[in-house]
Amino acid sequence: MLKTVYSTSGMMVAPHHLASQAGRDVLAEGGSAVEAMVAAAAAIAVVYPHMNSIGGDGFWLIHKPGEKPIAIDACGCAAKSATRAAYAGYGAIPERGPLAALTTAGTIGGWKKALEITSAQKPLPLSRLLAPAIAHAKNGIVVTQSQAQLTSDKYSQLVNVPGFTETFLLDGAMPKAGDVLYQKTLANTLEQLVRAGLDDFYRGELGAAMGGELQALGSLLSVEDLRNYHAQQVDPLSVAVKGAKIFNLPPPTQGLASLMILGVFDKLNINSSDDIAYVHHLVESTKRAFRVRDRVVTDPNRVPENLEALLETRYLENLAAEIDSNKALPWPDEGKPGDTIWMGCIDKQGVAVSFIQSIYWEFGSGVVLKDTGVNWQNRGISFSLDSNSLQFLEPGRKPFHTLNPALALFDDGRTMSYGTMGGEGQPQTQAAVFSRYAMFNQSIQQAVTAPRWLLGRTWGDTSTSLKLENRFTPQLIEQLRQLGHNVEVLDEDFSDTMGHAGAIVLRPDGVYEGAADPRSDGCVAAL
């Protein structure tokens, strides 16, 4: 049984132990939480390649003690040639291959922006931050069970995508857990970033090489699209609950939904996390929040309603009043899958980072650029070719994002960085972890380890049932069915379907508390 990790000088958590160690080692050398996160982000892009890549997007929440949290939107936009006419003859945007690679990769721009706006007095050189990632790419990574399984499961979709089999198969054979995979071309790309700077990814040799190869493969992206990209600092959204203020990202992320779930649930005055009322009311809060999300969350320049009004107490109270304690709201709504990593860090100065990085589906578009080793995301398949859709495709538009890192500031002085991967499950797992810890006084590791549920789809799933891990009691499962929930009990005690969560709390007495998810390959690394 995992137990909460404690320390007094800094902490890093990630869903792969090598990423946690990369961040912890930077903290040990006096680096900041932001520098540690860049090191971890680079490392995990190498060691967990089925979950994320430098060819994907990222989002940041950063909090310095005594200051308002800041957010970074490192979401890439649709190519200038990404019009509905470009997909003439298609009923929808292809899910894999070059035509699925239609948005700029933003995460490197996010690393650059984060380092710029939080510049330390004695910053560590980029060569130090990227050194672990370069070493892992050169010396080989050990294939995890999840990477081996997903390579096999998705092989039929990806076998004909340029670069996929050459990169992720071993001499043409399916990798097994424990095999060693080398990514030497990607190592060369990371070394080029060290030599030329992160901006080279967009406006230098790397940008020119990637843009040219993407176009040659049939992607709608171009050198100009990369050249024009910049990550943006944005104002986070927030909601107040009893004893804390919670922060998350604005559109195009679903951060609004994460905040609304907890905002609505907080108004219901549930007294325990150990009975049917807890799960039922959180699921019902989720349904209300998701319906609002699907109505309003889109490209930030096209949001149709005032988001702050949707987080006001009266609006949340009205949604809470709609919930029937004795009956589930029917839920035929379609979910949104995703493939992601979340990581958290708090340094010895108390600077907290909540960070998320993604290529959307497992292996993204599947396109791996042969000259740079970069696996490109397929986030653009969130767009619709229907001109009446909230998410209709237009050049330069940002796609809907399941990504949303969370951060909470407590009235008693605690700071909490938390989050998860898992597409549609991200807001739900955030709600479970936060509520169990903050509202019902579970330890932080207990809150992460406890059995979880998921309404709708996550990565690899198509059904929209209410999925439960099998550690819930038979009585609770039967009660949920009697209330009208379409319950599906999963075979696993700890299912990847529920995402890979984590959390770090810094108490006002200087003690750090950390939790990693037993569903992942990660750990807490502390000083």
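In segment 372-527, Cα pairs under 8 Å separated by at least six residues give a relative contact order of 20 percent.
Summed over the residues of the chain and divided among them, the accessible surface reaches 35 Å² per residue at a probe radius of 1.4 Å. Compactness of the chain was expressed as the Cα radius of gyration divided by 2.2 N^0.38 Å, which yields 0.90. Note on segment 256-322: with neighbouring protein chains present and a 1.4 Å probe, carbon and sulfur make up 40 percent of its accessible heavy-atom surface.
Comparing PHE472, MET260, LEU527 along the charge dipole axis of the chain, the residue lying farthest to the positive side is LEU527, per the Cβ-charge model.
The distance between label points at ILE117 and ARG227 comes to 2.7 nm (points 7 Å beyond Cα on the Cα→Cβ vector).
The distance separating the Cα centre of segment 240-259 from that of segment 139-158 comes to 33 Å.
If you model segment 180-334 as an ellipsoid using its alpha carbon gyration tensor, with each semi-axis the square root of five times an eigenvalue, the axes come out at 43, 18, 16 Å, biggest first. Listed values for segment 475-485 are Karplus-derived 3J(HN,Hα) couplings in whole Hz (6.51 cos²θ - 1.76 cosθ + 1.60, θ = phi - 60°), namely 5, 5, 4, 5, 4, 4, 5, 5, 7, x, 6, and x replaces Gly and Pro. Each residue of segment 53-59 is assigned a 3J(HN,Hα), and the resulting list reads 6, 6, x, x, 10, x, 9 Hz, derived from the Karplus form 6.51 cos²θ - 1.76 cosθ + 1.60 (θ = phi - 60°), x at Gly and Pro.
Summarising the strand pairing of segment 296-414, around 90 percent of its internal DSSP beta bridges are antiparallel. Normalising by the residue count of segment 84-198, find the relative contact order in percent from Cα pairs under 8 Å and 6+ residues apart. Reported as a whole number, the value is 34 percent. With the helix formula -39500 (n - 2.57) applied to DSSP H stretches of n ≥ 4, the chain reaches a computed 222 nm mean residue ellipticity of -9500 deg cm²/dmol.
Relative to the current alpha-carbon distance between ALA28 and ALA240, full extension at 0.36 nm per residue lengthens the span by 72.9 nm.
Quick one: compute the contact order of the chain, relative version, from alpha carbon pairs under 8 angstrom and 6+ residues apart, as a percent.
25 percent
Distance from the Cα centre of segment 59-94 to that of segment 300-333, in angstrom? Segment 59-94 and segment 300-333 have Cα centres spaced 24 Å from each other. Centroid-to-centroid, using Cα positions, segment 467-527 and segment 181-209 are 37 Å apart. Beyond 24 Å in Cα-Cα separation lie the following of the pairs LYS113/LYS398; LYS64/LYS112; LYS267/LYS398; LYS138/LYS370: LYS267/LYS398.
The values are calculated or read from the model by the stated rules, or taken from the named source; none is laboratory data. What you see is a predicted model, and the numbers here were worked out from it, not measured in a lab. Every residue, glycine among them, receives a Cβ derived from its backbone with ideal geometry; neighbour counts consider all protein chains shown. Calculation scope for accessible area: heavy atoms of the full protein, side chains included, ligands and nucleic acids excluded. Shrake-Rupley method; radii C 1.70, N 1.55, O 1.52, S 1.80 Å.
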